[in-house]
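What follows is a short report on a single structure.
The values are calculated or read from the model by the stated rules, or taken from the named source; none is laboratory data. For clarity, every value in this text was computed on a predicted model and none was experimentally measured. Counting neighbours? That spans all protein chains shown, and the Cβs are built from the backbone with ideal geometry, glycine included.
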Amino acid sequence: MIVGNDRVAVWLQFADVVRLIRRELGKSMKEYDVSLTEFRILSALDKKGPMTMARIADELLITRAGTTLLTDSLEKKRLVNRVRLEGDRRLVHIRLTRKGRAVAAAALKGQMLLLEEMLRALNDGDMAALKGITAKLRSSLDNMQH
């Protein structure tokens, strides 16, 4: 049974692995002139369609202020635009431009190849176990917030 300091050591190792993966994925985004978090916004918009800033923030677990800054950057790069809804002009949705959709698709393809390479050391059983462990952790953390 793992207790005390051993649990901390496991957590620190897990956190280090996540940091290393994020670093490599972030480096790969330079080719597309977006940060990893900007890519996550593009990817979410590509998958779910236009969203409000609040929904983007909630979906990606980032602050609303951060979402605004990131969206401003993506808009300057002409990857997204803001659209007011006809029924309620107060609501602004963020949507992908054609260029944004192309960048999202290309970057996703690059990320999938990189993830395959990074996770090559794990067999199907390892991946299933990791999926189960991360799902348990996510559920536990979600329950703590409510």
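Looking at (1) over 26 Å from Leu114 (Cβ atoms); (2) among the charged types (D, E, K, R); (3) in contact (Cβ under 8 Å) with a residue 40 or more places away in the chain, which one does Asp46 not meet, given that it meets all the others?
If we test Asp46 against (1) over 26 Å from Leu114 (Cβ atoms); (2) among the charged types (D, E, K, R); (3) in contact (Cβ under 8 Å) with a residue 40 or more places away in the chain, just (1) comes out false.
For (1) of a type in the set (A, V, I, L, M, F, W, C); (2) surrounded by fewer than 11 Cβ atoms within 10 Å (Cβ to Cβ); (3) more than 18 Å from the chain's Cα centre (by Cα), each residue gets a yes or a no:
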residue	(1), (2), (3)
Leu12	yes, yes, yes
Ala15	yes, yes, no
Leu42	yes, no, no
Ala107	yes, no, no
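Between a first residue in the range 8-29 that is on the phi < 0 side of the Ramachandran plot and a second residue that is of a type in the set (Ser, Thr, Tyr) and part of a helix (DSSP H, G or I), which pairs have beta carbons less than 9 Å apart while being 6 or more apart in sequence or on different chains?
Gly26/Thr37
Within the range 1-45, work out how many residues are modelled with pLDDT of 90 or more, farther than 18 Å from Ile133 by Cβ, small (Gly, Ala, Ser) and part of a helix (DSSP H, G or I).
Going through the range 1-45 one residue at a time, the tally reaches 4.
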